[in-house]
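The values are calculated or read from the model by the stated rules, or taken from the named source; none is laboratory data. Keep in mind that this is a model prediction, so the values were computed, not measured. We place every Cβ from the backbone using ideal geometry, glycine too, and count neighbours over all the protein chains shown. When the accessible area is computed, the model is the full protein with side chains, heavy atoms only, and any ligands, DNA or RNA have been set aside. Shrake-Rupley method; radii C 1.70, N 1.55, O 1.52, S 1.80 Å.
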Amino acid sequence: MSDCLELVVRYSSAKEVVLALDDRLAWLSASVESLGDEDDDQEEGQNDEKEGEEVVGQRRLRGLQNWVSEFGVLANLYVKTLPRVRTKKPGMFLSTAIAGLEQVITPLALMSLKEGRTGREVGAKVWSAVEEFLTLANNRWTQSEEECLKQLQGFFLSSIAILHQVFEVDISHSFFLSRYPRYRIPGRVIESPVECVKFWKSIISRAKSLSLHLTSLFDRVVPKASLEDLDLSSLPDHNEISGSFILLTHLLSAESLPPNPNIPPFELANLLRKTMHIVLASLSTGATGGRTIPGVVGVDEALFWCWWCVEVSIMSADGREEDTIAEENVFSLVEVLSSLSALSVSPSIRFFAFRLLAVLVSRVCEEESTQLVLLKGLIEECPFESMRIAALGLLQEILGDKFSVRGTVFSPRKTYELN
């Protein structure tokens, strides 16, 4: 079958082949989405027949695997066909191909999220097809076409935003333990699945080949130009912005444990302030119990980013104003972190969220009046009883430290076992 397709691609009209591939990808996208709708309908019907559920699950998995295989074939055919199209604007045809591939990746990612470990294996095949497309396309076009390079960068970042939830590696957990190694959480260890580790290693390697680095990623998340001077047509789409932020956090996690205040080369005060809309949206989703969907920054990446910015601020030796986190950002973070630490379904997320809140109050806020306002609000006004009790304990820790009664909650002289 593959040999027949090769012959068709090689000797047929390139433009006709591209149109046929576009139509097939549209059909494939609709087919995957329809299978997802069938699953939702069955869940609503609450079918308790175990045997029936197993049959449906096997059928869904077979269909998903078949469609992933076809997706890989179509992506490969695109790369082999597009260079044969005689045009002065190859970017126009490349953009159409990328749009077709993206509309299939999203429903495939949604289906993979429902399958657990099997879903990660399916997601790995999707990424393998995307990576092959990027490799071949990058070798053939980007040397002479800057527009093509930009489109491939955008496709790469969008793919990260869509697929990253399938390959979670818990970078906030790793970062916290690197900064506070004396903390121990009984029964909890960092063991990222092999597929996840391979995925992120591949992502970081691919970022370098596409000339994506820390500064350029931050510029994609937060454009330098003012709103008045900004060319709205040049702005990346939502998935590209999310993918840039996600990749930025993973690059920092890989390159800087513990954090180095000298990277990335931009003012720290702008880091958190200019990304607060992304951070608050992600943490709020986690606090309300909502499931993160493809294309949205995960709670893990948002927590890591906050931790990284806070730790760099603490480590800055000269105390420059540009390295200080703004007070309004501290208040916003404390508000959403209190909800996250009380409501998240993940014990690890609840723990790391409260630890970050404690650092913000006890070490980032130097003014006692500010600390008092924050803690008073949590103790008296927070609707979550567990959070009120925890805030009272934090107040006792801070007072004990000020009067040298005992070490702080982050004393380097103590080892804590947390249940």
Open item on the list: Can you find, within segment 335-367, the residue that is most open to solvent (accessible area, probe 1.4 Å) among those that are over 21 Å from the mean Cα position of the chain (by Cα) and free of Cβ contacts under 8 Å to residues at least 12 places away in the same chain?
Closed with: E366
Task: Sole exception among (1) within 22 Å of G154 (Cα to Cα); (2) modelled with pLDDT under 80; (3) of a type in the set (V, I, T) for I203, by number - done: (2)
Task: Residues (of a type in the set (S, T, N, Q), more than 15 Å from P83 (Cβ to Cβ) and modelled with pLDDT of 85 or more) located in segment 117-148 - done: S128
- [ ] Please specify each residue of segment 368-385 satisfying the condition of being under 18 Å from R350 (Cβ atoms) and surrounded by fewer than 14 Cβ atoms within 10 Å (Cβ to Cβ).
- [x] P383, E385
- [ ] Go through segment 147-168 and give me each residue that's more than 10 Å from the chain's Cα centre (by Cα) and of a type in the set (S, T, N, Q).
- [x] Q151, Q153, S158, S159
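Okay, residues lined up against (1) at pLDDT below 75; (2) aliphatic (A, V, I, L, M); (3) part of a helix (DSSP H, G or I):
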position: Q165; (1), (2), (3): no, no, yes
position: T215; (1), (2), (3): no, no, yes
position: L230; (1), (2), (3): yes, yes, no
position: I241; (1), (2), (3): no, yes, yes
position: T249; (1), (2), (3): no, no, yes
position: A254; (1), (2), (3): no, yes, yes
position: P258; (1), (2), (3): yes, no, no
- [ ] Scan segment 57-88 for residues that are basic (K, R), exposed (fewer than 14 other Cβ atoms within 10 Å of the Cβ) and modelled with pLDDT under 75 and jot them down.
- [x] R59, R86, K88
